[in-house]
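To keep things clear, I will list the structure first and then write my remarks on it.
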Amino acid sequence: MRKIKVLVVDDSAFSRQTIKSMLESEKDVEVVGIAPDGINAIAKTLKLKPDLITLDLEMPEMDGFSFLRWLMQQNPTPVIMVSSYGDSKTVFKALELGAVDFIAKPTAKASVELKSIEKDLLMKVKGVSGFNLKALTKARRLHGEATGKPMKYGPGEAGIRLVAIGSSTGGPPALQLVLTELPNNFSPAVVISQHMPKGFTKSLAERLDKLCSLDVKEAEQDDAVENGKVLVCPGGYHMSFKRRGGKIRVGLKRAAQEDMYVPSVDIMMRSAADLYGSSMLGVILTGMGNDGTDGMKKVAARGGINIAESEETAVVFGMPAGAIKAGVVQKVMPLDRIAGEIIRTVRGTGQK
């Protein structure tokens with residue numbers, strides 16, 4: 001089996017060597033080059049033709065944003081950002097420019113601190129074979145063409161009270177595309193689990209809140225799940241639900257270090273299915289791995305409806321593919337049609 005060729009781009013010599021060392025601990029990965037800035041990275045991209053690039057954003061000569069713009073126009077290649085915790089706004093800008101994923105880099109310049117990302121880094125790098133660059137290009141085009149005007153939404157509801165959405169790699173722009181199409185009188189509650197570390201989900205929720213007609217916030221312990229409100233599970237936690245005082249409320253549990261997927265889509269969907277049953281709609285978007293498959297099995301078993309993003313637009317088809325293969329998805333469609341199908345399902349005119 002051919003090794004995954006990686007180019008490491010970072011202005012810190014310490015970070016470059018530490019990331020290189022972590023990657024080379026995996027026999028299926030080969031670091032074919034390192035670069036201290038965007039200009040050097042362009043030359044090495046053209047010469048070495050890497051399968052994947054790890055990229056810092058703040059660099060001299062040419063920063064990560066400028067390099068990303070060049071890369072996606074001239075030589076599309078999967079990019080995983082390795083960014084510090086304080087860079088949440090710049091991370092979302094880079095995702096819009098075409099980066100497929102990111103890893104939060106500890107700010108402390110110590111080997112033991114930076115080594116803490118090794119498990120996450122290797123998992124995402126080894127998933128490079130699942131990256132769909134054509135889908136990434138299409139998703140960016142759809143994102144650019146989105147009008148931001150919500151679809152029309154009228155009466156005739158089918159009893160759906162909750163829409164639960166799970167996503168991972170490629171998820172933030174996908175979520176934006178779906179949520180901005182939902183109108184301000186959309187009646188079900190919406191809950192989201194997007195694989196993201198602590199510190200980034202708050203920025204994601206704030207960003208979506210500014211762009212969407214619905215109110216979006218990062219979920220807090222005991223928040224009520226209310227009609228027309230969107231709750232995003234905070235990074236570093238898993239979200240479940242409980243009935244108390246006549247309302248369904250959020251329960252948050254800190255994720256364990258060994259948990260593979262955080263926040264967990266499975267935990268969210270299983271808990272929601274127990275309380276909402278047939279009045280729930282599950283949606284699985286782009287993402288690596290199989291998180292969400294077991295949760296969607298529970299949704300289907302309780303009489304709920306499931307929608308999955310199709311391979312043609314999923315940046316990584318892993319999560320949707322797992323649920324589809326399990327036979328628990330009623331509708332498979334490209335990203336730009338998912339909001340419309342959610343609305344049709346809620347109104348009782350979608351596929352059952």
Which residue is nearest to residue 61 (Cα to Cα), if the candidates are limited to the range 31-49 and must be charged (D, E, K, R) and either at pLDDT 95 or above or out of contact with any helix residue (DSSP H, G or I) (no Cβ under 9 Å at 6 or more places or on another chain) (or both)? 44
Residue count, the range 16-53 (criterion: of a type outside the set (A, V, I, L, M, F, W, C), buried (at least 20 other Cβ atoms within 10 Å of the Cβ) and within 17 Å of residue 113 (Cβ to Cβ)): 1
Are any residues in the range 56-73 in contact (Cβ under 8 Å) with a residue 40 or more places away in the chain and crowded, with 23+ Cβ neighbours inside 10 Å, and if so, which ones? 56, 59, 64, 67
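Every residue, every condition in (1) among the hydrophobic types (A, V, I, L, M, F, W, C); (2) more than 14 Å from the chain's Cα centre (by Cα); (3) at pLDDT below 85, yes or no:
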| site | (1), (2), (3) |
| --- | --- |
| 106 | no, yes, yes |
| 115 | no, yes, yes |
| 122 | yes, yes, no |
| 128 | yes, yes, yes |
| 132 | no, yes, yes |
Odd one out for residue 242 among (1) modelled with pLDDT under 95; (2) among the charged types (D, E, K, R); (3) over 15 Å from residue 178 (Cβ atoms): (1)
Go through the range 215-238 and give me each residue that's more than 19 Å from residue 185 (Cβ to Cβ) and assigned to a loop (DSSP other than H, G, I, E, B). 219, 220, 221, 222, 223, 233, 234, 235, 236
Return the only residue of 207, 243 being among the basic types (Lys, Arg), farther than 21 Å from residue 276 by Cβ and assigned by TED's automatic domain parsing to the domain that holds residue 178. 207
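The values are calculated or read from the model by the stated rules, or taken from the named source; none is laboratory data. Since the structure is predicted, the reported quantities are computational estimates derived from the model, not experimental observations. In this analysis, Cβ positions are derived from the backbone assuming ideal geometry, glycine residues included, and neighbour counts consider all displayed protein chains.
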